[in-house]
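Structure first, commentary second.
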Amino acid sequence: MKQLKLPITIIIVLIFTSCVSTKHFNELSGKLTNCEEENGRLNKQNMGLSTKVTELEGKVSKLKSEKDKLLKEIDDLSYSIESSSRKLKNIEDEKEGLLWQLDRIKSGSSEEIKKLLEELEAARGDLNTREDKLREAEKELQARNTRLIEMEKALARKNQAVKELKAKVADALVGFNNNGLSVYEKDGKVYVSLEERLLFKTGKWHVDPNGQKALKKLSAVLAQNPDINVMVEGHTDNIPMQGSGEVKDNWDLSVMRATAVTKILTQNKQLAPKRIIAAGRSKYIPVDSNETAEGRQKNRRTEIILTPKLDELMKLIESD
């Protein structure tokens with residue numbers, strides 16, 4: 001990043017020192033201080049949002065692990081249901097055998113018959129109890145199996161929604177594919193990655209006209225898909241930026257760029273601002289080595305991460 005020869009703040013101070021009164025100068029200095037304090041507050045707020053993003057990513061990873069676990073449980077439950085059915089059949093056969101023995105011993109002595117009848121009644125009661133318990137267990141297993149199948153279907157619908165969203169976004173942005181833009185799927189999310197050259201001049205955070213055009217096309221797709229959450233992440237290379245005013249380092253630059261992109265997306269009134277989170281990631285999540293100019297160019301990017309809402313899946317999990 002190029003260092004400014006003379007900070008804007010100092011130039012303003014020199015001009016106003018020579019042109020205005022001390023009182024007026026003090027008022028302007030106070031306003032500048034307020035602006036700097038407000039900028040600090042916004043940076044802290046952005047750090048909080050980044051923490052929430054990390055938490056959400058953890059939850060999505062947990063859901064993926066839960067899916068694998070639930071699929072295994074489906075197989076185990078299917079086996080358990082078959083095993084329970086076999087046990088019920090064995091109990092029915094055992095009852096038939098006892099009834100046959102009851103008829104057979106009726107010709108015996110009174111004492112023997114009485115004793116055997118008592119034993120048979122006890123055995124019958126035990127069998128009925130075992131049969132009732134197995135039937136309840138079978139019902140419970142079937143209910144759990146049904147719920148697991150519903151969760152599997154919900155996950156399949158979510159994955160299909162991701163694929164369809166990727167196709168829609170790629171179609172909308174097809175004219176920018178060779179100009180620093182790529183669309184890909186990763187971990188159940190759709191990533192729209194825009195290189196610095198498409199959106200910004202070096203060290204700046206005002207979006208160029210061509211970049212604005214791409215973002216407006218993307219916002220139209222997002223407005224038509226209200227069940228998608230949006231994360232805008234600004235990324236830089238590892239070359240320190242030594243600026244002044246609003247942007248002093250790479251943290252500030254990444255935040256300002258993410259915010260600038262977010263503001264353009266939300267110019268579309270059909271896209272609710274509450275669906276979008278803007279975050280600055282500075283130099284800490286590179287996609288290539290910072291040891292080469294080509295690698296640093298890839299790292300200077302803005303990523304728009306699209307995630308389908310998981311409300312349906314979360315309800316099924318919470319109902320367990």
Residue match in region 227-236 (condition: touching a helix residue (DSSP H, G or I) at 6+ places or on another chain (Cβ under 7 Å), of a type in the set (Ser, Thr, Tyr), in a helix (DSSP H, G or I) and in the same structural domain as Gln270 (by TED's automatic domain parsing)): no
Failed condition for Leu165, given (1) in the same structural domain as Arg300 (by TED's automatic domain parsing); (2) crowded, with 20+ Cβ neighbours inside 10 Å: (1)
Number of the condition not met by Gly211 [criteria: (1) under 21 Å from Ser254 (Cα atoms); (2) within 23 Å of the chain's Cα centre (by Cα); (3) of a type in the set (Gly, Ala, Ser)]: (2)
Within region 62-82, considering residues that are among the polar types (S, T, N, Q) and at pLDDT below 75, the one surrounded by the fewest Cβ atoms within 10 Å (Cβ to Cβ): Ser78
Flag if Lys204 is free of Cβ contacts under 8 Å to residues at least 60 places away in the same chain and among the basic types (Lys, Arg): yes
Matching residues in region 261-313 - criterion: being assigned to a helix (DSSP H, G or I) and either within 23 Å of the chain's Cα centre (by Cα) or under 28 Å from Ala161 (Cα atoms) (or both): Val261, Thr262, Lys263, Ile264, Leu265, Pro273, Lys274, Arg275, Asn299, Asp311, Glu312, Leu313
Of all residues in region 154-205 being part of a loop (DSSP other than H, G, I, E, B) and touching a strand residue (DSSP E or B) at 6+ places or on another chain (Cβ under 9 Å), the one that is nearest to Glu246 (Cα to Cα): Trp205
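Residue-by-condition table, conditions (1) at pLDDT 80 or above; (2) more than 30 Å from Val255 (Cβ to Cβ):
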{"position": "Gly48", "(1), (2)": "no, no"}
{"position": "Leu102", "(1), (2)": "no, yes"}
{"position": "Lys115", "(1), (2)": "no, yes"}
{"position": "Glu138", "(1), (2)": "yes, yes"}
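The values are calculated or read from the model by the stated rules, or taken from the named source; none is laboratory data. Please read all numbers here as calculations on a predicted model, not as lab measurements. Using ideal geometry, Cβ is built from the backbone for each residue, glycine included, and neighbour counts are taken over all protein chains shown.
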